[in-house]
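Below you'll find the structure, written out as structure tokens, and then a few comments.
The values are calculated or read from the model by the stated rules, or taken from the named source; none is laboratory data. Quick caveat: nothing in here was measured; it's all calculated off a predicted structure. Note: ideal-geometry Cβ built from the backbone for every residue, glycine included; neighbour counts use all protein chains shown. Side chains are part of the model used for accessible areas, which takes the heavy atoms of the whole protein and leaves out ligands, DNA and RNA. Shrake-Rupley method; radii C 1.70, N 1.55, O 1.52, S 1.80 Å.
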Amino acid sequence: MKKIVLIGFIALILSFFSIAPTQAAEPIKFGFLHTLSGGVGQVYGVPDQAGVKIAVEEINKAGGVLGRPLEMISRDDKLKAEVGVREAKDLILNQKVHWIQGIVSSGIALAVSAYCKTQKVIFIDTVAQSAATTGEKGHRYVFRITTNTTNYARSIANAAAKFWGGKKVFIIGPDYEYGHRCKKDFMKTYTGLVPGAEVVGELWPKLGTKDFTPYITKIMSSNADFVYTSLWGGEVLSFTKTAWPFGYFDRVKMAGQDWGNMEGLSKMTRKAYPKGVLGGSHYPWWLLDNPINNVYYPKFKKVTGMDAGLAAASGYTTVYAMKKAIEKAGSLDTEKIIDALEGMVIDSPVGPLKIRACDHQAMWPFWVGPVAFTKEFSWPHITDAVAMDPPDKGYRTCSEIEAARKAQK
Amino acid sequence: MAVNDVSLNIEEGELSSIIGPNGAGKTTLFNLLTGHLLPDKGRILFKEKEITGLSTHEICRKGIGRSFQRTNIFPRLSVFDNVQVAVMSWRKKSRNIFLRAQRLLREETDEILESVGLGDKTEKTAGLLAHGDQRRLEIGIALGSHPELLLLDEPTAGMSPEESERTVDLIQGLAREKGLTLLFIEHDMNVVFRISEKIRVMHMGEIIAEGKPEEVRANEEVQRIYLAEEA
Amino acid sequence: MKSFFKQRNNGKAVGLLAAFAFFAVLPLFIGEGYISLVNEMLILAVAASGLNLMMGYAGMVSFGPSGLYAVGAYTTALILIYTEIPFGLALIAGPVMAGIISVVVGWFCVRLTHVYFSLLTLAFSQIIHTIIFGWYGFTHGDDGIVDIPVPEFLSSITNYYYFSLIIVCICLALLWMIVNSPFGKTLQALRENPERTEFVGIHIRRYQLAAFVLSGVFLGVAGSLYCGFNKNVFPDFADVMKSTEMLVVCLLGGIYYFLGPAVGSIVYIFLDKTISSFTEYWPLALGLVIIVLLIFMRGGIVGFFSESVAAMKERGRAKQHVSH
Amino acid sequence: MNLQGLVIQLLSGMSVGMVIFLIAVGLSLIFGTLQVLNLAHASIYMLGAYLCFWISSMLSQVSGSFWWSLLMAPLLVAMFGGFLEVLLLRRIYGREMLDQFLLTFALILIIGDLCKLAWGVEYHTVDTPWPLDKAIIFGGLVFPRYNVFLILSGPLIYVGLWSLIRYTRLGSVVRAVTYNREMANALGVNVPLVYTGVFMLGCWLAGLGGALVAPMSAVMPGMDMVVLIDCFIIVVIGGLGSISGAFLGSMIFGLVTAFGILVAPRLAIAFGFILMIVVLIIRPWGLMGKPER
């Protein structure tokens, strides 16, 4: 027995090093690097993987790219930056992928982006939202095909000014850079729209808080005009469930960018939902009527059984964007692909998107509207949703980006 | 278990014992002497210097060594290492991180092991030794810190008669050859009366009798206690 | 007897040299991607061996080694991005800072024992994590610090691999010296029986603190090396998960063997990488591996092998006896 | 802030404390008797939450589905716990702490992935049950009935446990085993059975905590880790192994959170650790614990 284990071990270790990287033959390889296990990240990573798979299957069935099939090499970053970089190295150096896409955590995205820069490999961020990735820390090899925090803050501030316009703002957000950045961006835009607006109170529950009772009671006893929140993901659901019986949503006005996404809303019932909250969504598929979404969404729903699909829509779009860029470039030369991507208009389930040449950010729109129940659906959703028109308004201008990058140096 | 108003005076070079029924406070007395317990009142002097309130490692450094009632060795270290640790500590080498311990103080350690009769078992793992060997090893560890006063808590407990005999010889030898002052707790009266120069009897936390073996044997109170106990 | 010892030591020396040579020529045979992975194994080996000084040798189970690892990494990173201090000095500053922090943390921790000690170390590492995570203006919070400037000659994977190989060897040699020194032996005695150790005249708190700080320094070295290796640092270096990873590594290799943690790191990263490229359910697999190890391979891998080897030798000897 | 606000804040703090009490007390109980610090305790709690969700969605047609699942989920969790104890934990009693630590850590990984396999990565939740789905309104104070229910169930469980340990035959057996395992064994107590029983009781409590949290929160992957650290903090503050300590610790924890955010909202992330370090330094064995021998 012991001998068998011993030999097995040695064989395993030897086999590991003998896996020679297969020569770049037929398929065009790309890396899908995402959080597929551990904690909250997988709520985005797992559906994204499904979306990408759907795109790859569709493309390969239709004859591939430049006559070659696509091959997705999927890796788990475990929501740890060091693992993210380790897997990025493996994908680039050993698997020789042509681009990497995915990533939910902004920190990991920045790290992988920095590594891809040194290796001159394209990295496309499909979920992580930190504006810095394509802003201050942007470079030639990084792209983003999703929204970013600037768009959140601007869209929500616009809607809040339009719907309410109060001067006393209360802030609640998760206690890390994302939450603080959102507050700063939000207040900057909002004070521009409503001069004299100020923060009258703020709360910073630690990331992952399950029981918001004391936070809710504190907010309810403040006399703010409305609350801006950057709570996201599961915390949207937790907060709502705890707040509802207090009659919170009848008494307090609240706005938050993640409060219109299906990730949080799809499981809510009429017995507890963020009634009247100004929520935002990257992908309000029930409002969209375009040929791509009409085909893609039913397929996604059929494959995964999920309603929540903001990450998947980005992943799906990204694969098609790369197909278009490679075909336009006519080769797999990274520099040519980048040139092709810059300024290109790509098709997506949310409509045509322009990839801006100056910062490689897709002009992905962001919809904001009050959350309500309608007769059409069995879950709450944003109604009267409006996005910035054109979507570019939600993002910093090219000159702002340039200034920010200069200030960074 | 309390110790009350105990006043005892141990002469240099003396081989003496403490006896008394279970719960008399003998081990507690040892614990007070070695700093494992702090006395509420009173003073402990060693070589005319106050050691009351010192921590155990300081008391050990002053020259008091001890073996424990429950075997107290380093079970997963080798027999050699068990004693060497004590010797290194005594020689103030323990803090050194540059020397190779393997080559250090071999002779001195071997000598001690030889003297407790474990010279042929130095490479064995201490925890796997027979009970009697472990007890002797414990004395060896105590000797490693070169005590002037050695306190032994039931050194022959749980030993077979032959083992017990060997241990008694060892104790006597130590007292004679190294000139140690020895104080031991013992339940085996044969051992006590055979080797003690002086016997102290404890009962209910107090010393009720003290003297040469024959004096103690004749003491009425002692007889009463022991007879009562056996009845 | 004497010659026997000599022989054994020679055997060991030859083995170690062979291992070194193996690692030294590795870049000739495998690609940079794999070399980078081996480099990670080497760095983790330093961290785990450093931790094991405290855990395996001194018997102090820390739940928070990652805090000190992160201190090392962040010190180097912050110096490199905010100042002009050369890389070499920044690399030394990491372990020095980790040592200083461990004096402070250790001073509180060694006053407690058993599970309380472990929990207090956990609390301190969480505090370090919280500081790194929250102090965005200085540490860049959860964005981590990326693009850390590293000298030109160290920026290629292979060069950095050789650089860390040398440092790792030095660290392991130092650790080897420490565990075999009187101090190391005293720590083992302390692990076995603190009460008795105190009564051979050892001030145990002071020794525990020393072990804690030495461990901290080596964890700091590993952190600093990692900072230069990936040119980035992240708050999850101070995470509970990172601590657990180090503990698993030590156990996997065998905490009562000097090379246990080093072997553990190699096998751990290998398993981790292989399993997670097959399935996203790697935690399930890793969990099962740990349980199997705990129940069937108590001494860890090194323990298992050295016992197997001993058993084989024993059998060989028995056979000889029979043939005589 | 007015008096009304302070009262509400007090109630919220108690509500937070009582939920975490149910989880922490199980951890403390298991440690007290088995001498095992069960890192997977919070995963057991997560399992309770998932099972509560699962059972109540299976029974969604039945009236009072939540109450059924509140009854069944903790029992299932307790059975699972008993299975773990007999199959795995039993093998490592008396081994070093590190081994126990790693075994229970492995269980965190395994239970986490099993939940993911069974229920996916989406968020789930449970409707607040009738008749607790309304709020109590009392002179301008609004406070949900469900939270009142939580505040009441905490002390109820505490008193129940305390009397169980204090006054019943079963309790005296548990105390005997806790005090001296060998002695209890010699006196004819079936020690392994007591261990299994106590472990199951601890798991039942964690499962109950999970089931009670489900209606007011999201049931999702990763919900265990945050709670685990909070539980550590509480049992350390109160004293490992002490039921009263867990109660006191939870109360302090809840109140410090509730009032702390009024004073220093930016420090919410560190409240627990600060408390824990202060307690460990002044009274290393916790407020209600006993010093080690």
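For the range A:211-226, filtering for residues that are outside any helix (DSSP H, G or I) and surrounded by fewer than 24 Cβ atoms within 10 Å (Cβ to Cβ) leaves 5. When the range B:182-196 is limited to residues that are more than 16 Å from the chain's Cα centre (by Cα) and under 20 Å from B:Leu151 (Cβ atoms), the one that is surrounded by the most Cβ atoms within 10 Å (Cβ to Cβ) turns out to be B:Phe193. At least 3 residues being out of contact with any helix residue (DSSP H, G or I) (no Cβ under 8 Å at 6 or more places or on another chain) is the threshold, and among the helices (runs of 4 or more DSSP H) wholly inside the range C:23-110 those reaching it are C:87-109.
Against the conditions (1) open to solvent by 20 Å² or more (accessible area, probe 1.4 Å); (2) within 14 Å of another protein chain (Cβ to nearest Cβ), C:Thr83 satisfies every one except (2).
It is to be established whether one or more residues within the range A:109-129 are surrounded by fewer than 24 Cβ atoms within 10 Å (Cβ to Cβ), more than 10 Å from chain C (Cβ to nearest Cβ), in contact (Cβ under 8 Å) with a residue 40 or more places away in the chain and over 24 Å from A:Leu332 (Cα atoms). Within the range A:109-129 (the criterion being surrounded by fewer than 24 Cβ atoms within 10 Å (Cβ to Cβ), more than 10 Å from chain C (Cβ to nearest Cβ), in contact (Cβ under 8 Å) with a residue 40 or more places away in the chain and over 24 Å from A:Leu332 (Cα atoms)), the answer is no, since none of the residues qualifies. Tally the residues that are within 14 Å of another protein chain (Cβ to nearest Cβ) and in a helix (DSSP H, G or I), restricting the search to the range A:143-184. Here the count works out to 9.
For the range C:114-157, residues that are more than 14 Å from chain A (Cβ to nearest Cβ) and either of a type in the set (Lys, Arg) or surrounded by 16 or more Cβ atoms within 10 Å (Cβ to Cβ) (or both) total 12. Within the range C:225-238, the set of residues being open to solvent by 10 Å² or more (accessible area, probe 1.4 Å) and facing chain A (nearest Cβ under 8 Å) comprises C:Asn230, C:Lys231, C:Asp236.
Does C:Val104 meet the test of being open to solvent by 20 Å² or more (accessible area, probe 1.4 Å), at pLDDT 90 or above, over 26 Å from C:Ala262 (Cα atoms) and assigned by TED's automatic domain parsing to the domain that holds C:Ser224? Criteria met by C:Val104. Once the range D:66-89 is narrowed to residues that are assigned to a helix (DSSP H, G or I) and without any contact (Cβ under 8 Å) to a residue 60 or more places away in the chain, the residue that is nearest to the other protein chains (Cβ to nearest Cβ) is D:Leu87.
Each residue in the range A:45-56 was checked for being open to solvent by 10 Å² or more (accessible area, probe 1.4 Å) and touching a strand residue (DSSP E or B) at 6+ places or on another chain (Cβ under 9 Å), and 4 pass. Within the option set B:Ala209, B:Ala218, being among the aliphatic types (A, V, I, L, M) and surrounded by fewer than 17 Cβ atoms within 10 Å (Cβ to Cβ) holds for one residue only, B:Ala218. The test for being outside the structural domain of A:Asp384 (by TED's automatic domain parsing), among the basic types (Lys, Arg), out of contact with any Cys (no Cβ under 8 Å at 6 or more places or on another chain) and more than 25 Å from A:Lys96 (Cβ to Cβ) holds for A:Lys299.
Taking residues in the range C:246-274 that are in a helix (DSSP H, G or I), and partners anywhere that are of a type in the set (D, E, K, R) and crowded, with 20+ Cβ neighbours inside 10 Å, the pairs with Cβ atoms closer than 7 Å and at least 6 places apart or on different chains are C:Ile269/C:Glu40. When D:Phe53, D:Phe21, D:Phe83 are screened for being farther than 19 Å from D:Thr125 by Cβ, open to solvent by 10 Å² or more (accessible area, probe 1.4 Å) and not polar (S, T, N, Q), only D:Phe83 passes. For the range D:93-130, residues that are more than 7 Å from every other protein chain (Cβ to nearest Cβ), open to solvent by less than 50 Å² (accessible area, probe 1.4 Å), more than 19 Å from D:Val227 (Cβ to Cβ) and more than 20 Å from the chain's Cα centre (by Cα) total 4. Could you tell me which residue of the range A:186-210 is farthest from the chain's Cα centre (by Cα), considering only residues that are within 14 Å of another protein chain (Cβ to nearest Cβ) and open to solvent by 30 Å² or more (accessible area, probe 1.4 Å)? If we take residues in the range A:186-210 being within 14 Å of another protein chain (Cβ to nearest Cβ) and open to solvent by 30 Å² or more (accessible area, probe 1.4 Å), then A:Val200 is farthest from the chain's Cα centre (by Cα). One residue stands out in the range A:335-356 among those that are in a loop (DSSP other than H, G, I, E, B), without any contact (Cβ under 8 Å) to a residue 40 or more places away in the chain and open to solvent by 20 Å² or more (accessible area, probe 1.4 Å): the one that is nearest to A:Asn293 (Cα to Cα), namely A:Pro352. Listed conditions (1) of a type in the set (Val, Ile, Thr); (2) within 22 Å of the chain's Cα centre (by Cα); (3) closer than 20 Å to D:Leu262 by Cβ are all met by A:Thr149, apart from (3). Has the range B:160-175 got any residue that is assigned to a loop (DSSP other than H, G, I, E, B) and either of a type in the set (Lys, Arg) or surrounded by 18 or more Cβ atoms within 10 Å (Cβ to Cβ) (or both)? No, every residue in the range B:160-175 fails to be assigned to a loop (DSSP other than H, G, I, E, B) and either of a type in the set (Lys, Arg) or surrounded by 18 or more Cβ atoms within 10 Å (Cβ to Cβ) (or both).
Within the range B:36-53, the set of residues being more than 9 Å from chain C (Cβ to nearest Cβ) and closer than 30 Å to B:Ala126 by Cα comprises just one member, B:Leu37.
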